[in-house]
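First up is the structure itself, then whatever we jot down about it.
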Amino acid sequence: MRKTLFPLFAAALLAMPALAGPGKYNKAVAPGDKAPDFAGLPAVMGDKDLTLSLADLKEDVVVIAFMANHCPYVTKVEDRVIDLANHFKDQSVRVVAVCVTPPAEYAPEGYSKEYCEQDTLSRIRDRAKQKNYTFAYGRDDSQKIGRDYGVVATPTFFVLDKERKICYMGSLDDNIDDEAKATKPYVRDAVQRLLAGKPVEIEETRATGCGIGYRKSGE
């Protein structure tokens, strides 16, 4: 176990920039900001291939989950993400996932290419089928969406309102290791309050997980 986890944590330390910026834990965006746009991301949903664009999501509330197959912290919460999507399936809510792990040829120094190989669109398709994801899962080889949203770790979640302003960003809940011990379902609470026309009480938390290895600018 120690041998497996060490490169993961080393990559996390290498990948995480200083958290200074508009948000308390995010250097790029803050609650209340207009969500950065994205378009044309290759994605899968069930047996279908599709493209993922923010403008195509017409629901009143959108949840964006930044995920990665290789990340054990994502594995800890993926069933909760499925439950979240299923819980709101009959309401005007859309849950989508995005992976921004770099392609293997652009892996930064110290970042395992094995992680990159686990997060190709083909492997995402396999995982989506295995776990029966009920949400679209896209991939951005350029990593632009990750940079635009200031994401430094997976999993990280964003909740957007009807005007596509960021109303919450951070962790799914307050216990990534054990759902049974979680007492604050941040994302679910944010969605429920937006559907009820109420302001979100907790707008930002620190995301805990695997660091993202960003490719060098210009690659």
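The values are calculated or read from the model by the stated rules, or taken from the named source; none is laboratory data. Keep in mind it's a predicted model, so treat the numbers as computed, not measured. When we count neighbours, we look across all protein chains shown, and the Cβ atoms used for this are built from the backbone with ideal geometry, even at glycine.
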### Message
Regarding region 4-26, can at least one residue be identified that is farther than 24 Å from GLN192 by Cβ, surrounded by fewer than 20 Cβ atoms within 10 Å (Cβ to Cβ), modelled with pLDDT under 95 and basic (Lys, Arg)?
### Response
no
### Query
Where residues in region 59-76 are within 11 Å of the chain's Cα centre (by Cα) and not in a loop (DSSP other than H, G, I, E, B), which of them is surrounded by the fewest Cβ atoms within 10 Å (Cβ to Cβ)?
VAL74
### Message
Suppose we keep only residues that are of a type in the set (A, V, I, L, M) and within 16 Å of the chain's Cα centre (by Cα) within region 94-125. Which one would you say is nearest to PHE38 (Cα to Cα)?
### Response
VAL98
## Note on the structure
Within region 92-114, restricting to residues that are farther than 18 Å from ALA43 by Cβ and polar (S, T, N, Q), the one that is modelled with the lowest pLDDT is SER112
### Message
If I ask for residues that are more than 12 Å from VAL95 (Cβ to Cβ), more than 8 Å from the chain's Cα centre (by Cα) and crowded, with 22+ Cβ neighbours inside 10 Å, which ones from region 154-165 would you list?
### Response
none
